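Reviewing the structure listed below.
What follows draws every value from the coordinates through simple rules; no lab data is involved. Because the structure is a prediction, the values reported are computed rather than measured. Every residue, glycine among them, receives a Cβ derived from its backbone with ideal geometry; neighbour counts consider all protein chains shown.
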Amino acid sequence: MYLFRLTYYSRNVIKSLDSSVGKEIKAILDASSRNNPPAGITGALIFNDQYFAQVLEGDRKSVTSTFTRIARDPRHSDIVILHARPIDMRAHDGWAMAYCGHSEIVDPLYLKYGTAIGFNPAKMTAENLEAFIGDLVKTEARVASSSPLEPAGPRIPAYTRV
Ligand code: FAD
């Protein structure tokens with residue numbers, strides 16, 4: 001087994017599909033919870049209404065097959081790979097998903113890794129995006145930040161870890 005990490009961001013186009021955002025996010029969460037642990041995939045997926053950003057870690061074959069499947073998903077577009085490289089150790093001990101919202105604790109993270117409050121991975125370096133994802137999923141474990149997705153469909157936790 002050769003450890004590998006792949007980091008990308010993409011456009012969230014769920015709103016343009018004939019489906020509810022909450023329902024689709026829940027479906028992504030369910031598929032990831034079902035598929036990632038048995039494949040030995042750790043990492044995190046974060047999102048807002050414009051972007052997704054994800055870190056996938058694990059055996060390089062598993063990371064490649066998982067990413068290949070994700071890349072074909074019509075719920076996002078304009079995928080940009082920032083990093084795809086062998087690693088010595090994982091940065092994530094499970095698989096997590098978090099919403100990039102606003103709160104007194106999350107807002108300073110935007111300023112720590114970028115120039116303005118708000119999530120725009122297109123304006124972040126690969127290193128900053130990876131560090132931001134790591135901090136956000138740790139922070140969201142302690143923060144009950146509200147998600148605008150909640151009224152739209154099934155309740156999506158601001159943070160979830162599997
Ligand atoms: P599905 O179409 O979900 O299901 C395939 C088979 O599993 C079917 O036979 C179905 O009947 C069966 N099945 C469905 N639900 C269940 C259930 N609850 N229990 C048992 N069997 C069931 N996917 C990941 O796996 N990991 C990721 O990290 C990931 N990240 C994503 C990030 C983004 C930005 C996006 C847009 C998508 C992501 N996805 C991820 C989803 C991915 O694109 C595929 O939609 C998903 O992996 C397909 O899952 P599946 O092969 O289980 O197919």
Highest average packing first - 84-95, 42-53, Cβ atoms within 10 Å: 42-53, 84-95
What spacing in nm lies between the two simple spin-label points modelled at I81 and K123, each 7 Å away from Cα in the Cβ direction? 2.7
The relative contact order of the stretch 3-147, taking Cα pairs under 8 Å that sit 6 or more residues apart, comes to a percentage of 32
Would you kindly derive the ³J(HN,Hα) couplings of the stretch 20-28 from the backbone phi angles with the Karplus curve 6.51 cos²θ - 1.76 cosθ + 1.60 (θ = phi - 60°), listing them in order in whole Hz, with x for Gly and Pro? 7, 4, x, 5, 5, 5, 4, 5, 5
Can you list the aspartates and glutamates whose alpha carbon is less than 18 Å from that of K61, not counting same-chain residues fewer than 8 positions off? D88
Using 0.36 nm per residue, how much length does the chain from K138 to R11 gain when fully extended, once their Cα-Cα distance is taken away? 43.4 nm
Whichever lysines have a C-alpha closer than 19 Å to that of K112, once near sequence neighbours (fewer than 8 apart) are set aside: K123, K138
Can you give the FRET efficiency to the nearest 0.05 for D49 and A131, using r as the Cβ-Cβ distance and R₀ = 25 Å? 0.65
Per-residue ³J(HN,Hα) for the stretch 121-136, Karplus 6.51 cos²θ - 1.76 cosθ + 1.60, θ = phi - 60°, Hz, x for Gly and Pro: x, 5, 10, 10, 6, 4, 5, 5, 5, 4, 5, 4, 4, x, 5, 5
So between D73 and S33, what do we pick up on full extension, going 0.36 nm a residue minus the alpha carbon distance? 12.7 nm
Treating cross-link reach as a plain straight distance, find the lysines whose alpha-carbon is under 18 Å from the alpha-carbon of K15, omitting any fewer than eight places away in the same chain. K23, K26
Find which of A122, M97, P86 sits farthest along the positive direction of the dipole of the chain, computed with +1 on the beta-carbon of Lys and Arg, -1 on that of Asp and Glu, about the Cα centre. P86
Could you tell me what a quarter of the Cα convex hull surface of the stretch 1-112 works out to, in nm² with one decimal place? 7.5
